[in-house]
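Enquirer: Below is the structure I would like to discuss, written out as structure tokens.
The values are calculated or read from the model by the stated rules, or taken from the named source; none is laboratory data. Remember, it's a predicted structure, so these values are computed and weren't measured experimentally. Methodologically, a virtual Cβ is constructed for each residue, glycine included, from the backbone with ideal geometry; neighbour enumeration extends over all protein chains shown. Side chains are part of the model used for accessible areas, which takes the heavy atoms of the whole protein and leaves out ligands, DNA and RNA. Shrake-Rupley method; radii C 1.70, N 1.55, O 1.52, S 1.80 Å.
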Amino acid sequence: MTLAPAQIAPSLALCATSIIASTNLAQAVDLTFNWKGDAGYSASGSFSYDQTTTPAIISESGAGATKALKSLSVSFFNPSQELIGTKDEVVNGVSSNQFFEFNFDTTTGNLFGAIDVGTGSGIGDIFLSNVEAPGRVFISPGATSYLYQNITADYSQLFDSSTNQIKASAVPEPTTVLATLLEGMLGIALSSNKITFFSTKLKKIYRTYASKV
């Protein structure tokens, strides 16, 4: 049995409406961020917040319940792109790092001010910061970001540094991806029915011609 295009389109539309409705309930915004050091080390992460309750400026500091962030994770890589550390730093709106610093402008989509994110504050943990200079000297947020590993309670080894901007990018919304997929599915479905229609039409023409001959 072959469905007519008029039957397929409403079915796909109903499917899209149902999924989009469930997706929009939370109104979560997901973004990624990336940093590259001059020596080849790098950091990449992701964070999310609820756009219905979040102010224009997200400003987070320290451990405990966050003001806006729902989640934040970060991973670090050496120059060979091997993973050297990873951590879910904010989970369900709670930060686990006492040195956590994160500022984001939801209007411009830019990170600004102080940033200090990492795998923790213990021995062996790795962190990226623009408020701590080499030698455990705390400074005002600057243009240079430093990548460290805690070696002892009083010493952090500098892996890399750079004035490269930490860039944030939006993750495509599920509804956008869904719309693209459904558009493709609808096109395939309609094309399939057109092929079936013309194939049937050609068979009828051939039979009519053969019977006359």
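Enquirer: Filter the range 96-127 for residues that are within 19 Å of the chain's Cα centre (by Cα) and outside any loop (DSSP other than H, G, I, E, B); which is nearest to T152 (Cα to Cα)?
Expert: Filtering first and then ranking leaves G118.
Enquirer: Would you mind finding the one in I115, I139, I126 that is at negative phi, open to solvent by 50 Å² or more (accessible area, probe 1.4 Å) and either among the small types (G, A, S) or touching a strand residue (DSSP E or B) at 6+ places or on another chain (Cβ under 9 Å) (or both)? First the steps, then the outcome.
Expert: Details: I115 fails: open to solvent by 50 Å² or more (accessible area, probe 1.4 Å); I126 fails: open to solvent by 50 Å² or more (accessible area, probe 1.4 Å).
When all the criteria are applied, what remains is I139.
Enquirer: Just the residues that are at pLDDT below 95, exposed (fewer than 15 other Cβ atoms within 10 Å of the Cβ) and closer than 19 Å to V90 by Cβ, please, taken from the range 24-51.
Expert: Scanning the range 24-51 gives A26, Q27, Q51.
Enquirer: With the requirement that a residue be in a loop (DSSP other than H, G, I, E, B) and at pLDDT below 95, what does the range 128-139 give you?
Expert: Step one: filter the range 128-139 for residues in a loop (DSSP other than H, G, I, E, B), giving 130-131, 134-136, 139.
Within the range 128-139, P134, G135, R136, I139 qualify.
Enquirer: Looking only at the range 45-95, count every residue that is part of a loop (DSSP other than H, G, I, E, B) and of a type in the set (G, A, S) and tell me the total.
Expert: Quick first cut of the range 45-95, residues part of a loop (DSSP other than H, G, I, E, B) only: 51-56, 62-63, 66-68, 78-82, 92-93.
If we keep only those that are of a type in the set (G, A, S) as well, we get 56, 62-63, 68, 80, 93.
Residues in the range 45-95 being part of a loop (DSSP other than H, G, I, E, B) and of a type in the set (G, A, S): 6 in total.
Enquirer: Moving on. State the number of residues belonging to the range 29-44 that are in a strand (DSSP E or B), of a type outside the set (F, W, Y) and more than 15 Å from G109 (Cβ to Cβ).
Expert: Initially, the range 29-44 is screened for residues in a strand (DSSP E or B), giving 29-36, 42-44.
Filter once more, keeping what is of a type outside the set (F, W, Y): 29-32, 34, 36, 42-44.
Restricting the remaining residues to those that are more than 15 Å from G109 (Cβ to Cβ) gives 36, 42-44.
Residues flagged as in a strand (DSSP E or B), of a type outside the set (F, W, Y) and more than 15 Å from G109 (Cβ to Cβ) within the range 29-44 amount to 4.
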